[in-house]
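Single-structure report; data block below.
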Amino acid sequence: MKIISWNTNGLRATAKQGFFAPLFKKYNPDILCLQETKVEPDQLPEEIRNIPGYYSYFSYSKKRKGYSGVAIYSKEKPKEVFYGMGIKKFDDEGRLVGVKLKNYTVITGYFPNGGAGPHRLKYKLEFYDAFLKFILKLRKNGEHVIFCGDVNTAHEAIDLARPKANEENTGFLPIERAWISKVIKNKFIDIFRQFYPNKIGAYTYWDMKTFARERNTGWRLDYFFTSSEIKVKNTGMLEEYYGSDHCPIWIDF
């Protein structure tokens with residue numbers, strides 16, 4: 001069972017540039033999770049919205065067009081689909097969609113960026129706290145949880161190229177990083193670090209304006225976390241796959 005997660009930085013642009021269809025043709029994921037799609041489903045061409053052999057589900061911003069947005073494409077038809085956490089101020093930004101399948105629940109999330117002022121950092125931290133409560137409740141109800149997406153925080157110094165220079169910047173603030181530690185303490189596993197605990201230079205995001213990808217001056221902002229009972233066989237990053245300022249990541253279990 002393979003899941004791919006990718007922040008597309010605009011699904012319409014990704015598809016138009018020819019980077020969307022190859023994900024299915026080359027990698028054949030059982031589930032594809034997307035973030036920052038920046039689109040409502042009826043704005044997509046039929047061949048993007050409905051991929052043969054997949055069920056597709058989209059959540060999008062109710063406040064601003066062309067902002068935020070997530071999607072899941074699944075070969076297996078879900079027992080249940082949920083859009084958000086049931087908290088209006090978070091759900092209206094279209095940051096989360098989940099599917100309950102036969103043996104596990106998969107959630108894709110585009111977590112808030114804490115930039116643009118103190119109010120957005122506050123919003124991000126509130127979103128973090130609400131999300132952890134949400135997934136803990138799912139697990140308490142017997143769900144085997146997998147969540148993935150752009151968490152918008154690098155956990156440790158090893159997870160970004162310039163930790164010292166970013167100690168006071170959102171995305172690497174101690175209070176943001178502490179939340180990821182809290183997730184792990186609650187027995188959710190950071191799958192990449194489980195397999196590659198000491199690997200350096202492993203990033204999923206690069207600033208396009210400064211051509212940071214060519215120099216691999218990046219951040220690991222994209223994650224797979226699983227409940228501890230899920231046995232993952234392998235994981236990795238598709239660093240050479242372009243079409244966004246993020247690269248896709250994957251797990252096989």
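The values are calculated or read from the model by the stated rules, or taken from the named source; none is laboratory data. Fair warning: this is a prediction, and the values are worked out from it, not measured in the lab. Here the Cβ positions follow ideal geometry from the backbone for every residue, glycine too, while neighbour counts run over all protein chains shown.
Selection of first residues in segment 1-24 that are within 16 Å of Met237 (Cα to Cα) and surrounded by 18 or more Cβ atoms within 10 Å (Cβ to Cβ) and of second residues that are among the aliphatic types (A, V, I, L, M) and at pLDDT 95 or above, restricted to Cβ pairs under 6 Å at least 6 apart or on distinct chains, gives the following pairs, ordered by first then second residue: Ile3/Ile31; Ile3/Ile251; Ile4/Leu32; Ser5/Ile249; Trp6/Leu34; Thr8/Leu34.
The criterion of being outside any loop (DSSP other than H, G, I, E, B), in contact with a helix residue (DSSP H, G or I) (Cβ under 6 Å, 6 or more places away or on another chain) and either within 30 Å of Val232 (Cβ to Cβ) or at pLDDT 95 or above (or both) does not hold for Phe131.
One line per residue, one yes/no per condition, for (1) out of contact with any Cys (no Cβ under 7 Å at 6 or more places or on another chain); (2) without any contact (Cβ under 8 Å) to a residue 12 or more places away in the chain; (3) outside any loop (DSSP other than H, G, I, E, B):
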position	(1), (2), (3)
His119	yes, yes, yes
Leu125	yes, no, yes
Gly149	no, no, yes
His155	yes, no, no
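Among the residues of segment 204-233, those identified as among the hydroxyl-bearing types (Ser, Thr, Tyr) and over 16 Å from Ala165 (Cβ atoms) are Thr204, Tyr223, Thr226, Ser227, Ser228. Apart from one condition, Thr226 fits all of (1) within 16 Å of the chain's Cα centre (by Cα); (2) farther than 19 Å from Ser5 by Cβ; (3) not small (Gly, Ala, Ser); the exception is (2).
Residue-wise test of (1) of a type outside the set (A, V, I, L, M, F, W, C); (2) modelled with pLDDT of 95 or more; (3) closer than 30 Å to Asp129 by Cα; (4) touching a Leu at 6+ places or on another chain (Cβ under 9 Å).
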{"residue": "Phe19", "(1), (2), (3), (4)": "no, yes, no, no"}
{"residue": "Thr37", "(1), (2), (3), (4)": "yes, yes, yes, yes"}
{"residue": "Asp42", "(1), (2), (3), (4)": "yes, no, no, no"}
{"residue": "Ile51", "(1), (2), (3), (4)": "no, yes, no, yes"}
{"residue": "Arg64", "(1), (2), (3), (4)": "yes, no, yes, no"}
{"residue": "Lys77", "(1), (2), (3), (4)": "yes, yes, yes, yes"}
{"residue": "Gly84", "(1), (2), (3), (4)": "yes, yes, yes, yes"}
{"residue": "Leu96", "(1), (2), (3), (4)": "no, yes, yes, no"}
{"residue": "Tyr104", "(1), (2), (3), (4)": "yes, yes, yes, no"}
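Taking the conditions exactly as written (within 13 Å of Tyr57 (Cβ to Cβ) and among the small types (Gly, Ala, Ser)), does Gly109 satisfy them or not? Spelling it out, it is not the case that Gly109 is within 13 Å of Tyr57 (Cβ to Cβ) and among the small types (Gly, Ala, Ser). Would you say Thr204 is among the polar types (S, T, N, Q), closer than 28 Å to Pro29 by Cα and in contact with a His (Cβ under 9 Å, 6 or more places away or on another chain)? Yes.
Looking only at segment 207-226, which residues are among the polar types (S, T, N, Q) and in contact with an Asp or Glu (Cβ under 8 Å, 6 or more places away or on another chain)? Within segment 207-226, just Thr217 meets the criteria. Name the single residue, out of those in segment 25-44 being crowded, with 24+ Cβ neighbours inside 10 Å and touching a helix residue (DSSP H, G or I) at 6+ places or on another chain (Cβ under 7 Å), that is nearest to Arg64 (Cα to Cα). Here the answer is Val39.
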